[in-house]
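These notes are about the structure you will find just below.
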Amino acid sequence: METLTVILLLLGASVLSVVVFRRLNLPPILGYLLVGTLIGPKALNLLAGLSGAHYLAEFGVVFLMFSIGLEFSLSKLYAMKRIVFGLGFLQVMATLATVTAAAAATGLSWQAGVAIGGALAMSSTAVLTKLLSERIELDAPHGREVMGVLLFQDIAVVPLLILVPSFSQSPEQMAIAMGIAMLKAIALLAPVFLLGKRLLSKWFFFVAHGKSAELFVLNVLFVTLGLAWLTEAFGLSMALGAFVAGMLISETEFRHQVEADIMPFRDVLLGLFFVTVGMMLDVTLVLANWPWVLGVLAALLLVKFLLVFGLSRLFGALSGAAMRSGLWLCAGGEFGFVLLADVSTNAVAPPPVVQIVLAALVISMLLAPFIVQYSDRLVLRFTASEWLMRSLHLTNLAARTLSVDKHAVICGFGRSGQYLARFMADEGVRYIALDLDPDRVRQAAAAGENVVYGDATRREMLLAAGVGRARVLVVSFIDARAAERVLRLVRELAPGLPVVVRTFDEKDLGRLQRAGAAEVVPETLEASMMLASHALIHAGVPINRVLRQIRQTRAARYRTLRGFFHGESDHDDNVHDSEAPCLRSVSLHDGAYAIGKTLSQLAVNEQEVEVVAVRRRNIRTLEPSGGTRFEIDDVVVLLGVPGALVKAEGRLLKG
């Protein structure tokens, strides 16, 4: 019962801390570390009787290495080989050499220097990839460098996890142990790599034919833990076996399903691992050595920044991109904690040193999101060439759009953006597209598309694209946070410009509309309507009824499709219907009854008519509220059936 109480306290504290850290937009890893510190032997010591916690937590590392193996793609490595095995390799080796030299200068052994250097060389794959994705910078020059270096760091963890435990032995014993480990690895992994992919593909195909989700998950666990057990039985690391299992499965067609199935196990057990890492932290010892902690923290951030910056410049990057790469990669990462746990377990370095390095890593991960957030300002502040290049780029973009008026600005030139551009071109609507993938921009521009490299979430880029003269702006990528930033800038730069935003489903509908989107288009809704229309037609429903149903659904869902302005040609097009809702514009000239009164006072909406928009000084305001007060020369857009519209117009003009 006592053990159950402790586990419940552990789970409750973990849930609470992770919720708080997510609300603060900080990595949840830090929440787990905080929980571990509080319940650890140096604080409340709640897990004193729970001997299996550390062993269970090891499986968190096993599943983490498995998921890294799933991302390990030979084609990806080949495509990024220059960054991965050039910049990434040199960054890890330079950090190891620098920390080893510093350790020797302070009286530590070279083994401790290499082990701690390996821990400090790591950056956070989880945090940085998430930030790159949110900021739409995965395809930016610094984004590619960051991803390449992170990929090599993930690979480098595997030999380091094998190497660190041998450091507790004498140099002669270590050399023998490493030689034996190398032979064992070759003897075990050679047949696994030669036969594993073919056998695993057939085995997974056989299991998948069972059409059972739980059977598939059990099989994933069996393969992962089976290879981890096999490598441990050979005297190697369990993490190595899990990494190999991930690599083999990544080459099969079941990779994405496996990744989705394994994620809950990985995240829960990895959280438990970071709790055990937090238990290692002795707050009293850290506070007693706080100058050393701050010194190690400052050295970590400065040295890694300078190393990455210098190496990036050596590989031909411009100073701005090199500086961004250095700022992104200078903080520590989760694999640093994994290696420090091995350092502590095998007593490779003195406990006070481990505590100081551990505290510095935790603080650096806390600082990482803030460093990334201010990286652009720092680059512009200290890199003169960045100002010049950005000015030239903006000047060229502005020159291309200077003669363009009433055009469309397309943010994102992926598949959706390209389809949209073709529709625009077919209808004779000029457009300018902004995209952050340099390869895509180069190829599309060479084919004659009006697309330029640029970040739509930057004020100066939108100004150069001519948002002040544009007729519409479309956010064609799916990223609610980035779309909100674009909407905020558009509200400042061109308040009357309608913005259409693409989103995956309707969960972000409310906040995007509140941010100022004229329309939000969910992919799931459109896909469902198309599926329904085809299915109903094949089910024998007349096509005119299907089209009417789709039209009514869209009209109810999309504000800008609710009704239309009637004209004489509507009779010829067979679209006139006396009971169908339509739109009507009413101009409030001097003397109109509605001038000076609010929408609530006029009670127009109570007459089966809706005021959908008000145009004032050529600026359209969607969804006017009850407190909207009408002024001279306002244009009121009404939606309703023809008979009700006549009454509402009379109410506005005559009272």
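Since every read-out is calculated from the coordinates, none of them should be taken as a lab result. Remember, it's a predicted structure, so these values are computed and weren't measured experimentally. Positions of Cβ are generated from backbone atoms using ideal geometry, with glycine treated the same way; all protein chains shown enter the neighbour counts.
Here LYS304 is the anchor, and the lysines within straight C-alpha reach of less than 28 Å, apart from those fewer than 8 places off in the same chain, are LYS76, LYS81, LYS130.
Express as a percent, rounded to the nearest 5, the fraction of DSSP beta bridges in the chain (both residues included) that run antiparallel.
On the way: 17 of 36 bridges.
Percent antiparallel among DSSP bridges in the chain is about 45.
Placing a pseudo-label 7 Å from each Cα along the Cα-to-Cβ vector at VAL641 and ASN346 gives an inter-label distance of 8.2 nm. Principal axis extents of the Cα atoms in region 450-533, from largest to smallest and rounded to whole angstrom, are 42, 29, 21.
For the chain, what is the relative contact order in percent, using Cα pairs closer than 8 Å and at least 6 residues apart in sequence?
Details: 962 pairs, mean separation 81.1, N = 655.
Across the chain, relative contact order equals 12 percent.
Give me the lysines in straight-line cross-link reach of LYS202: C-alpha distance below 18 Å, same-chain residues under 8 apart excluded. Of all the lysines, those that pass the test against LYS202 - Cα under 18 Å, at least 8 places apart if same chain - are LYS211. Distance distribution P(r), region 392-517, all Cα-Cα pairs, bin width 5 angstrom from 0: 2, 12, 23, 25, 21, 12, 4, 1 percent.
What FRET efficiency comes out for the pair HIS589/ARG491, r = Cβ-Cβ distance, R0 = 41 Å, nearest 0.05? For R0 = 41 Å, the calculated efficiency reads 0.90.
Taking 37 °C and 0.692 mPa s as the conditions, I'd like the Stokes-Einstein D for the chain in µm²/s, using the Kirkwood hydrodynamic radius from alpha carbon pairs.
Values: Rh = 29.0 Å.
Value of D from the Cα-based Kirkwood radius: 113 µm²/s.
Once every DSSP H run of n ≥ 4 in the chain is given -39500 (n - 2.57) and the sum is divided by its residues, what mean residue ellipticity at 222 nm do you get, rounded to the nearest 500 deg cm²/dmol?
Working: 29 runs with 424 residues, N = 655.
The per-residue figure over the chain is -21000 deg cm²/dmol.
Once the chain from HIS534 to LYS130 is taken as fully extended at 0.36 nm per residue, the excess over their C-alpha distance is 141.7 nm.
Full extension of the chain between GLN169 and ARG82 gives 27.7 nm of extra length, using 0.36 nm per residue less the Cα-Cα distance. In order along region 109-122, the phi-based Karplus estimate (6.51 cos²θ - 1.76 cosθ + 1.60, θ = phi - 60°) of 3J(HN,Hα) comes to 6, 5, 4, 5, x, 5, 5, 5, x, x, 5, 6, 5, 6 Hz; Gly and Pro are listed as x.
The angle between the Cα long axis of helix 255-280 and the longest principal axis of the Cα atoms of the chain comes to about 60 degrees, rounded to the nearest 10.
Loop sites here are GluC sites (Glu not before Pro) outside DSSP states H, G, I, E and B with no more than 15 other Cβ atoms within 10 Å. The longest part of the chain free of them is 1-252.
Compute the long axis of helix 171-208 from its Cα atoms, compare it with the longest principal axis of the Cα atoms of the chain, and write down the angle in degrees, 0 to 90, nearest 10. The two axes meet at around 40 degrees. Extending 7 Å from the Cα toward the beta-carbon at both LYS597 and ALA208 defines two label points whose distance is 6.7 nm.
Helix 290-314 axis versus longest C-alpha principal axis of the chain: approximately 70°, rounded to the nearest ten. For LYS597, the lysines whose Cα falls under 24 Å of its own Cα, not counting residues fewer than eight places away in the same chain, are LYS647, LYS654.
In this simple spin-label approximation, TRP290 and VAL19 carry label points 7 Å from Cα along the Cα→Cβ vector, and these lie 3.1 nm apart. For ARG255 and ALA447, the FRET efficiency from 1/(1 + (r/R0)^6), where r spans their Cβ atoms and R0 equals 45 Å, is about 0.90.
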